[in-house]
Structure formats: C-alpha cells, structure tokens
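Heads up, the thing below is written out as structure tokens.
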Amino acid sequence: MLARIEAYLNRLTTLEARFLQITEGGGTAMGTALIWRPGRMRFDYDPPEPTLLVAASGQMLLLDRQLRQPTIVPVGSTPLSVLLRDPIRLSGEIEVTGVEESGGFLRATIQRRGNPGEGRITLVFAAAPMELRQWLVVDNQARETRVTLSEIRTGGRFDPALFEINDPRFLEREIAR
C-alpha cells in the first residue's frame, strides 16, 4: 500500500481543488488549493477569511491580508512539506507511523523521523481510482486541522507569479487583493 501511495504522489505534478478546512475548535474556512510539485503550494481562502498560505523556495508564507502581516517559516518545519518533496519517499527521513485501508480509502500517517515534535500529517486517498482527498495535520502544539478536497483537477498549468514569494511585488499584489 505504501508503494502505491508513493507512486501516486510522485506522479502528481499539479493539483487544483476547492478545500474545506476544519480546525480543532470547529472553525471552518473554504478556498482554493494549488499544489505544484515539487516545492510549491498555495491556499487562497475565500472571504471573509483574510488568509493566504504559499509555499515556495523552501519557505512557507502565511499572510494575513487584513493586518497586512506576513509570517515566514521554513517549509521543511511543517508537516505539509512531505507533499512538496521530490521525490517523495515514505522511508528514510520520513517515518510512517500508521497505515490503514478501509471503506475504499487508504490512510497513511507520516512525520519526519527524529522530529516528531514538528507534527504529523495523515494523508487520505480514495483507493480506486487513487486520488488525494484529505489530510489531517497535527501541528507542534497538538492542534488538529482537517482539509478536505473537492472538485479536484490534476495536470493543469499555473502562473509562476502565484508562487514567487521572494519577489517584493508579490506581497504588494497579494495585500491589495
């Protein structure tokens, strides 16, 4: 089963989907998710949520458009980084702590070996045909966030400017949205 998951993720180059995010406290948000492997991810939240999350160039940018406040952390310090690796190997530096197949879904819980304090991610796939449908992130403070994907499209093209967080014009453009 791990070999199937690994093969699917390594074939995945782009993914665009609507997402529903549910936090541990019951808060919800929706938006559009873009994944462009390797290394790039973007979550545009629908209003009234002022948040933008972009991963690129080894960094993850969290932008509160309302406060005009960016926060940047190394992408490798987040559980989501496993989706952005190239190639994805579910061994070595990555430790699989749980695998389950039931009800037509495959689940794999993953964390960085030696750094369990960074958090973990459980990836949920439809089994046939294989498709990433959801993930559950438990962060370094043990807070859970579940992201469910719908209207999934793969193999598309994205404008590189959507991910150019090191370009000074990027923040100006995104804050103005």
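Before moving on, here are some points about what is shown:
So that you can scan it fast, the table gives a plain yes or no per residue for (1) surrounded by fewer than 15 Cβ atoms within 10 Å (Cβ to Cβ); (2) within 16 Å of residue 137 (Cβ to Cβ); (3) touching a helix residue (DSSP H, G or I) at 6+ places or on another chain (Cβ under 9 Å):
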site: 2; (1), (2), (3): yes, no, no
site: 12; (1), (2), (3): no, no, yes
site: 39; (1), (2), (3): no, no, yes
site: 69; (1), (2), (3): yes, no, no
site: 73; (1), (2), (3): yes, yes, no
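- Matching residues, the range 50-75, being without any contact (Cβ under 8 Å) to a residue 24 or more places away in the chain and in contact with a Lys or Arg (Cβ under 9 Å, 6 or more places away or on another chain): 50, 51, 53
- Cross-chain or 6+ apart pairs with Cβ under 6 Å, the range 104-133 first and touching a residue at least 40 places away in the same chain (Cβ under 8 Å), then aromatic (Phe, Trp, Tyr) and assigned to a strand (DSSP E or B): 106/125; 121/135; 123/135; 132/125
- Residues being in a helix (DSSP H, G or I), within 23 Å of residue 49 (Cβ to Cβ) and touching a residue at least 24 places away in the same chain (Cβ under 8 Å) are entirely absent from the range 134-156.
- In the condition set (1) in contact (Cβ under 8 Å) with a residue 60 or more places away in the chain; (2) farther than 24 Å from residue 49 by Cα, residue 98 is compliant with all but (1).
Just so you know, all these numbers are worked out from the coordinates, no wet-lab data involved. The model shown is predicted, which means the values in this text are computed figures rather than measured ones. Don't worry about glycine lacking a Cβ; one is built from the backbone with ideal geometry, like all the others, and counts go over all protein chains shown.
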